[in-house]
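The values are calculated or read from the model by the stated rules, or taken from the named source; none is laboratory data. No experiment lies behind these values; they were computed from the predicted model shown. Cβ placement follows ideal geometry from the backbone for every residue including glycine, while neighbour counts extend to all protein chains displayed. Just the protein is used for accessible areas: all its heavy atoms, side chains included, with ligands, DNA and RNA removed. Shrake-Rupley method; radii C 1.70, N 1.55, O 1.52, S 1.80 Å.
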Amino acid sequence: MQDYVFPTGRRTVAVVGGVLTLAALGLGSGSQARAASYGTPSLSLSAAYLSGAVGASGDPVVRVTVAQSGADAGALAVTVTKSSKASVATTGDVTVTGTGTTRQVAVAARGRGYTDLTVKVTGVDGQTATKTLHYAASAAVQHSADSRYFTGSSDASAAVDVGGGYAVVADDESNTLRLYDRSASGAPVRTWDFSSAIGVSKEIDIEGAARVGDTIYWTGSLGNNKDGVYKSDRNTVFTTKVTGSGAATALSYGSSYTKLRDDLVAWDEANGDRYGFAAGTADGQVPKQIDGFNVEGLEFAPGSTSTAYIGFRAPLAPAVAGGKALLVPVTNIDKVVSDGAPAAFGTPVELDLGGLAVRDIRKNAADQYLIVAGSWAADDNTDPYALYSWDGNPAHAPVKRLDLPTSDPGGWESVVDVPDLTAPGARAQLITDDGSADLYGDGTEAKDLTHPEWKKSRATWFTVTGATG
């Protein structure tokens, strides 16, 4: 079928053998006809780069917008005609859905690696246009049905629930805070960077967060960098104010404090150098050592809005194999950050986490805590991880809920919120820091990937009640 414009108007007719007989149409041999004029179809992608995972549920999709002058967009055909590496995904692994001007392209990866997919739109007159979608697939993981991938960064290090199924996630390689839909894989729906307001130019190395009311406290690692060099921006604690919730969440800058590391060192020295904080922060001291100095957790004490636990990845207490994890209470965290008051400290808490340290700590309104426990060492891809519950009483031991997978890329860094730990089948969502992981099998660490859409951290739901060990 073909559209033609006649003196009497536009008609759609069948052309047999390429010959259109005007007399047969009752137009007379002298009448003239010309083919309807369509422009070249247009095709645009919402993103040129897309990441998926083998066996994943709910992978991100790319929106395709199509148009052709003079044509009904619904009559345009969108197909994927070529894959540069069939072992990653074939054209048969691609699904195109939608009608009208907007379609969606989804890919079900069959293997790890990269492929370029050719997306084509075919106009009503047979004209075509193409775009290349650069696709990367990471390997299959445990609990894939319960996993989602937060893209745009790979170094998720702390997360706070903001209601409505959304969370704000920090990254230890930048100062950007990102708002994600916890139920969906994909890019953040909103981002914030308060570096200018805080007065920092380098990464804070955000590692811990805690919310009280409408205020979120964020802390840097407070330690040296990986080369043992002191970087002042890492000695930062700051607050953001939350308005709204869910997808409408907004953050505004509150205040900051840049001497908590100094206060901790002075407190430890005044108490007999019990934890070796001075040595742990000395020039040349690498933070991820059993006797190093590295903060990764932050949460409020039971029933308090002013006392916050600082959770240490290093040192252990004592700094030997089998040592206990360390929490140091800052009893006036509200005044410290808002007014610049020197930090005051309570009695430290030492918890038996099976020789592991604090990688994150989070509690619910009932003062039930979950602690992500991991090694003080630097190798996130092979070291053990476990999830513990705790009632917040320093005299009571934590209880191991489960061992966390160690065969998957990345290290477990964040627990978003804590469910009712007395409810059968309660589930908690944990997030990995995949910055050092080789996601796509080419030897490139995720933090060094060129395209942000290929960077990602994995958020996975675990059942935390009903079983131990």
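So the values come out like this:
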quantity	calculated
Stokes-Einstein D (µm²/s) once Rh is taken as the Kirkwood radius of region 144-265 over alpha-carbon pairs, at 4 °C in 1.567 mPa s	87
Angle between the chain longest axis and helix 260-270 axis [Cα atoms, degrees, rounded to 10]	20
Gain upon complete extension [Ala270, Asp214; 0.36 nm per residue less C-alpha separation]	16.7 nm
Candidate aspartates and glutamates - alpha carbon under 16 Å from Lys85, same-chain residues fewer than 8 apart omitted	Asp93, Asp116, Asp442
Largest-first principal axis extents, alpha carbons of region 273-379, Å	33, 30, 22
Straight-distance crosslink candidates among lysines, where the alpha carbon sits under 22 Å from Lys288 and sequence neighbours closer than 8 are dropped	Lys202, Lys226, Lys231, Lys259, Lys324, Lys447
Average Cα contact separation per residue, region 335-469, under 8 Å, 6 or more apart, as relative contact order %	19
Accessible area of region 347-469 divided out per residue, in Å², using a probe of 1.4 angstrom	36
Peptides ranked, highest mean first, by Cβ atoms within 10 Å: ranges 266-277, 453-464	453-464, 266-277
Carbon + sulfur, % of accessible area of the chain - ligands and nucleic acids excluded, 1.4 Å	48
Average accessible surface area per residue within region 154-210, 1.4 Å rolling probe, Å²	31
Calculated P(r) of region 322-387 - Cα pairs past 18 Å, %	52
Mean separation of Cα contacts under 8 Å, 6 or more apart, over the residue count of region 265-399: relative contact order %	18
For region 388-403 and region 163-228, distance of Cα centres in Å	26
Rh (Kirkwood; distinct C-alpha pairs) - the chain, Å	24.7
Solvent-accessible area per residue for region 49-115 (1.4 angstrom probe, square angstrom)	45
Ser84 accessible area, 1.4 Å probe, all protein chains in place, Å² to nearest 10	80
